[in-house]
Amino acid sequence: MSDTSNSSEPRPVPRGTAIPGYDVPRVEAWIAAHTTELAPPFTWYKLEGGHSNLTYKLVDAEGRAAVIRRPPLGELLPKAHDMGREWAIISALGPTPVPVARAIAFCEDPTVTGIHFYVMGLVDGQPLYTADDTERLVPLALRERAAHSFIDVLADLHAVDPDAVGLSDLGKKDDYVGRQLKTWYRSWTSSIEGARFDDERAHRLQRFLLDNLPEQGPARVVHGDYGTHNCLFGADARVAAVVDWEISTLGDPLADLAYALNQWTEPDEPIGPRGRRPTQLEGFPSRADLAARYAARTGRDLSRLDYYVGFNHWKTACIIHGVYARYLEGKKSTVGVDLPALLASVERALEAADAAVARLGA
């Protein structure tokens, strides 16, 4: 879910009700002391999604609105739910053509509410998670515009020089795909016993991808999870903001592009267990059309795009394989989880990776 909006209007939290993760009086006092854009007390509205981060819409007495965001409760993994990282990115990208929520204030003082948080502008837009969202929010006549805006924004992001906007230390600049091939292969091999499942293709593909690693061009900011679910589409069907930057880093923009294209499901493709995807409707351009538009806008050579497509499908298989293993090991509740479907998705991802590699002539 987006950080700033919901498909149905959220209900206000009654004044005086405890809000998990927030010491409301102290947070409101901090905001009053650090920005003139908002005047507490606020009406708080819970917003769902955003990678489980605790995200609320704030509305002051004058009707001015913003969004507040902090990590989830409990012990966090290192580097997970890094609000400082998100803050740095939206602050740096604000002056660029990449649409992001306006950065308002960042609190790194844990005495205020136990952890860091930030406040950003409210964006008038909605994400697309399902085909139902698309039917409700993007009329047929505007779907091509939405698609073009989606790919143009990604191209604009990959045009940003991280050094020029103060993001040179966002991550390592070299060997982005090579490092991930090693990391996710370790995940696969360490999950075999727990998952009680192995597949020769996972090993063969990893060797092929390492042996045929393309030379990386200049590092760019890569979102890491760019899809219609992390874009807020305005009433004009254009992307009003890109959200959820917590796993973004510096790396190979073609890997980021391929990830986005892999999410772009076409109408004639099989319907997944969660139903039709947002782009499985009439009126959207194909993945090939989007890739051609990206190439024209950026001037990048996409002759090896299928390498990155295969890499992303292989990585997806490794990620889901690890999740599946944690379910079987009892580390995650299996209530409501279709385990056979989850395992089938691992196999589908490996099949898609194999197909992409085959298109390379391997």
Practice prompt. Please report, in whole Å, how far the alpha carbons of the chain spread along each principal axis, starting with the longest.
Written response: 63, 47, 40
Worksheet entry | Selection from TYR294, ALA356, VAL239, by position along the positive dipole direction of the chain (Cβ) | ALA356
Worksheet item: What residue among PRO110, VAL98, PRO267 has its Cα farthest toward the positive end of the dipole of the chain, where the charges are +1 on Lys, Arg and -1 on Asp, Glu, each on the Cβ?
Response: PRO110
Fill in: Ranked by how many other beta carbons lie within 10 Å on average, peptides 298-304, 246-252 from highest
246-252, 298-304
Fill in: Protection-proxy order for peptides 232-244, 349-361, each taking the mean of Cβ atoms within 10 Å per residue, highest first
232-244, 349-361
Worksheet entry | Sequence-distant lysines (8 or more away, or on other chains) whose Cα lies within less than 23 Å of LYS182 | LYS79, LYS172, LYS173, LYS315
Practice prompt. Working from Cα positions, state the angle (0 to 90°, nearest 10) between the long axis of helix 339-359 and the longest principal axis of the chain.
Written response: 60 degrees
Worksheet item: Out of LEU213, ILE31, VAL346, whose Cα points farthest toward the positive end of the dipole of the chain (charges: +1 Lys, Arg; -1 Asp, Glu; placed on Cβ)?
Response: VAL346
Worksheet item: Using 1/(1 + (r/R0)^6) with R0 = 25 angstrom and r between the beta carbons of ASP236 and ALA355, what's the FRET efficiency to the nearest 0.05?
Response: 0.10
Discussion item. Can you give the local net charge around THR130? Use residues other than it whose beta-carbon is closer than 11 angstrom to its beta-carbon, Lys and Arg +1, Asp and Glu -1.
Written reply: +1
Item to complete: Quick one: order ILE31, ILE68, ILE271 by neighbouring beta-carbon count within 10 Å, fewest to most.
Response: ILE271, ILE31, ILE68
Fill in: Distance-filtered residues of the range 225-255 - backbone nitrogen under 19 Å, label point 7 angstrom along ASP124 Cα→Cβ
231-243
Fill in: Summed residue charge, Cβ within 14 Å of SER190's Cβ, Lys/Arg positive, Asp/Glu negative
+2
Fill in: Helical mean residue ellipticity (222 nm; -39500 (n - 2.57) per DSSP H run of 4+; nearest 500) of the chain
-13500 deg cm²/dmol
Practice prompt. With a ≥ b ≥ c taken as the square roots of the eigenvalues of the C-alpha gyration tensor of the range 263-350, please select rounded if a/c is under 1.5 and otherwise prolate if a/b is larger than b/c or oblate if it is not?
Written response: oblate
Worksheet item: How big is the charge dipole of the chain about its Cα centre, in debye rounded to the nearest 20, if each Lys and Arg gets +1 on its Cβ and each Asp and Glu gets -1 on its Cβ?
Response: 360 debye
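Laboratory data are not the source of any read-out in this text; all were calculated from the coordinates shown. Since we're looking at a predicted model, the values are computed, not measured. Methodologically, a virtual Cβ is constructed for each residue, glycine included, from the backbone with ideal geometry; neighbour enumeration extends over all protein chains shown.
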